[in-house]
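Only one structure is covered here, and it is reproduced in the block below.
The values are calculated or read from the model by the stated rules, or taken from the named source; none is laboratory data. This structure is a prediction, so every number in the text was calculated from the model and none was measured. When we count neighbours, we look across all protein chains shown, and the Cβ atoms used for this are built from the backbone with ideal geometry, even at glycine. SASA here: full protein model, heavy atoms, side chains in, ligands and nucleic acids out. Shrake-Rupley method; radii C 1.70, N 1.55, O 1.52, S 1.80 Å.
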Amino acid sequence: MYDGTSPSDRPGETPPLQRARGRARIAVRAEGGITRLADLYQDGCAKLRLPKVYGPSSVEAVLLNTAGGLTGGDVYGTEALAGPDAFLTLTSQACERVYRATGDQPARVETRLSADAGARLHWLPQETILFDGGRLDRTLDVDLAGDAVFLAVEALVLGRVASGETVTGGAFTDSWRIHRDGRLIFADAARIAGDIDAVAAGPAVLAGMKAVATVVLAAPGAEEKLAEARAVLDPLPTAGASAMPGLLICRLVAPDDRALRAVLVPLLNLLAGRALPRVWHL
């Protein structure tokens, strides 16, 4: 029963911490070669903006987290659908920041994407920066139909290297699942916890590097881009690419975010067949 007092008025009681919640959903459809907005939903700290930059053949959506970052207990979700023959590009306004958690509970970022036959869907968020003590659980689930084209990048930076920051505690988990016509075609998982800088220094992890990215192109003939992708990656010795029918996978590890972007941007330009969204260059 409410007694007319707040938790801060009661000795020995700690008020519950406020947590951020955000969920955004977008769907697009194609009509006569023009991609149009079909559905838009936003709730809590998740916002979507639709700049008119690519012309009528595609829609670009920019995700914003008005909470200013993530911390333990926050939940942020994104859902997107590109209808038959439609073209949708999703990106983020800026790098996402994961701040120190007060307990063991991580922030959760859940992304579900779908592309129907003939559609193109690009998932191109900017980097996630994990600060000391930050805890993040991130999932990416994708369903592709027929000959849909899907391009995705996820990048992680351990602290702000230029500021001399270290990440001596925290946790990060990342899970990818990509299906085509109901069949799993790509699965990937990563987990790092504890003294992250020390763990990442291992030769089988990041060998002391501070920035890492995974890029996946799932499309008919994606494997034919392998030689071009390797040529772009060549200036970064700690990067590589592999391919199988309909799938191209690139891994990049770099000393810092600047070195990562120097190779990541031209790689994404190549695989997307166009320049990255303008927010990447602001």
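The figures follow:
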| read-out | value |
| --- | --- |
| Selection status of Ala187, open to solvent by 20 Å² or more (accessible area, probe 1.4 Å), assigned to a strand (DSSP E or B) and at negative phi | yes |
| Index of the failed condition, Ala155 passing every other in (1) assigned to a loop (DSSP other than H, G, I, E, B); (2) modelled with pLDDT of 95 or more | (1) |
| Test result for Gly103, surrounded by fewer than 21 Cβ atoms within 10 Å (Cβ to Cβ) and on the phi > 0 side of the Ramachandran plot | no |
| Close pairs from region 232-250: first part of a loop (DSSP other than H, G, I, E, B), partner charged (D, E, K, R), Cβ under 8 Å, at least 6 apart | Pro245/Glu223; Gly246/Arg180; Gly246/Glu223 |
| Residue within region 174-188 that is free of Cβ contacts under 8 Å to residues at least 40 places away in the same chain and among the hydrophobic types (A, V, I, L, M, F, W, C) present | yes |
| Residue that is modelled with the lowest pLDDT [pool: residues in region 255-275 that are under 16 Å from Phe150 (Cβ atoms) and of a type outside the set (A, V, I, L, M, F, W, C)] | Arg274 |
| Test: residue in region 225-246 that is at pLDDT below 95, open to solvent by 30 Å² or more (accessible area, probe 1.4 Å) and touching a helix residue (DSSP H, G or I) at 6+ places or on another chain (Cβ under 9 Å) | no |
| Qualifying residue in region 112-126 (condition: in contact with a Cys (Cβ under 7 Å, 6 or more places away or on another chain) and open to solvent by less than 50 Å² (accessible area, probe 1.4 Å)) | yes |
| Val167, sole failed condition from (1) buried (at least 20 other Cβ atoms within 10 Å of the Cβ); (2) assigned to a strand (DSSP E or B) | (2) |
| Strands (runs of 3 or more DSSP E) contained in region 25-91 and holding at least 2 residues surrounded by fewer than 22 Cβ atoms within 10 Å (Cβ to Cβ) and more than 17 Å from the chain's Cα centre (by Cα) | 34-44 |
| Residues satisfying the stated conditions in region 92-117, i.e. over 13 Å from the mean Cα position of the chain (by Cα) and part of a loop (DSSP other than H, G, I, E, B) | Tyr99, Ala101, Thr102, Gly103, Asp104, Gln105, Pro106, Asp116, Ala117 |
| Pairs, first touching a residue at least 60 places away in the same chain (Cβ under 8 Å) and open to solvent by 20 Å² or more (accessible area, probe 1.4 Å) in region 207-222, second part of a loop (DSSP other than H, G, I, E, B) and charged (D, E, K, R), C-beta under 6 Å, six or more apart | Pro220/Asp147 |
| Residue list for region 1-56, filter: at pLDDT below 90, of a type outside the set (Gly, Ala, Ser) and within 28 Å of Thr111 (Cβ to Cβ) | Pro16, Leu17, Gln18, Arg19, Lys52, Val53, Tyr54, Pro56 |
| Among the residues listed as Leu140, Leu217, Leu206, Leu121, the single one being assigned to a loop (DSSP other than H, G, I, E, B) and under 21 Å from the mean Cα position of the chain (by Cα) | Leu206 |
| Count of residues meeting criterion [assigned to a strand (DSSP E or B) and either open to solvent by less than 30 Å² (accessible area, probe 1.4 Å) or within 19 Å of Cys95 (Cβ to Cβ) (or both)] in region 190-203 | 2 |
| Single unsatisfied condition, Gly134 versus (1) free of Cβ contacts under 8 Å to residues at least 24 places away in the same chain; (2) open to solvent by less than 20 Å² (accessible area, probe 1.4 Å) | (1) |
| Residue check for Asp181: closer than 27 Å to Pro255 by Cα, of a type in the set (D, E, K, R), out of contact with any helix residue (DSSP H, G or I) (no Cβ under 9 Å at 6 or more places or on another chain) and surrounded by fewer than 16 Cβ atoms within 10 Å (Cβ to Cβ) | no |
